[in-house]
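**Student:** Quick one: structure below, then a few questions.
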Amino acid sequence: MRFLPFVAAAVFVASPIVAQAGERAPAAADEPRQGRLRDVRIVTGDVFDEATREERPIAALIDALHWTTREEVVARELWFARGDRIDAATAAELERNLRALGLFAEVRVRLVPTGAEDEVDVEIVTRDRLSITFGGGASFVGGVTGLRFALGESNLLGLGDRLVGSFAENSDGDYRGSVVYSDLHVFDTW
């Protein structure tokens, strides 16, 4: 019985039909595989889609309070420019990089034919992830009780920056607080 988890892990790893997490679906037949880049279209979306907002009023409230990620935040991740050669592997790498930012629930990057020979557009569509975080806790150690509370935003003003504040108090009268700010791109660096 002790070796059962290891056997299950070995079977899982050895299975040839297991897909990698986050693996892109194969390109559609009409989707070009490569070409010279003409234009980049970026569409960023709220946390919830229209159908969910209509079905759940709380979703509409959350979207109203949430700053949608700005298009320039997505554009900062581009390392290619108009006129460059681009292929499906480059689009897949960009999609992985955008997912790694931790800002998006969904990311789709695809090459779109323009109608001209050997020319493509890149279409980037994102949907934000809920970026408001909160937490709390209580403790009792050695006769001292403590309470903690934290509130944060991981996509401040739609810029991808993070701001978290926390506060703690205990029965001995000690108070502690902190505010942490993290800039996704310090001084707009890449």
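The values are calculated or read from the model by the stated rules, or taken from the named source; none is laboratory data. Please read all numbers here as calculations on a predicted model, not as lab measurements. All Cβ positions, even for glycine, are placed from backbone atoms using ideal geometry, and neighbour counts span all protein chains on display. We work out accessible area using only protein heavy atoms, side chains counted, and drop any ligands, DNA or RNA first. Shrake-Rupley method; radii C 1.70, N 1.55, O 1.52, S 1.80 Å.
**Student:** Return the only residue of GLY158, GLY137 being surrounded by fewer than 15 Cβ atoms within 10 Å (Cβ to Cβ) and not in a helix (DSSP H, G or I).
**Tutor:** Being surrounded by fewer than 15 Cβ atoms within 10 Å (Cβ to Cβ) and not in a helix (DSSP H, G or I) holds for just one of GLY158, GLY137, which is GLY137.
**Student:** Please work out which one of (1) closer than 21 Å to LEU78 by Cα; (2) out of contact with any strand residue (DSSP E or B) (no Cβ under 6 Å at 6 or more places or on another chain) is the condition ASP174 fails and give its number.
**Tutor:** Every listed condition holds for ASP174 apart from (1).
**Student:** Looking at LEU98, LEU147, LEU130, which is the one that is aliphatic (A, V, I, L, M) and part of a helix (DSSP H, G or I)?
**Tutor:** Values: LEU147 fails: part of a helix (DSSP H, G or I); LEU130 fails: part of a helix (DSSP H, G or I).
Matching residue, one of LEU98, LEU147, LEU130: LEU98.
**Student:** Of the residues THR126, THR145, THR90, which single one is open to solvent by less than 50 Å² (accessible area, probe 1.4 Å) and free of Cβ contacts under 8 Å to residues at least 60 places away in the same chain?
**Tutor:** THR90
**Student:** Test VAL120 against the stated conditions and say whether it is crowded, with 17+ Cβ neighbours inside 10 Å, under 18 Å from the mean Cα position of the chain (by Cα) and part of a strand (DSSP E or B).
**Tutor:** No, not satisfied.
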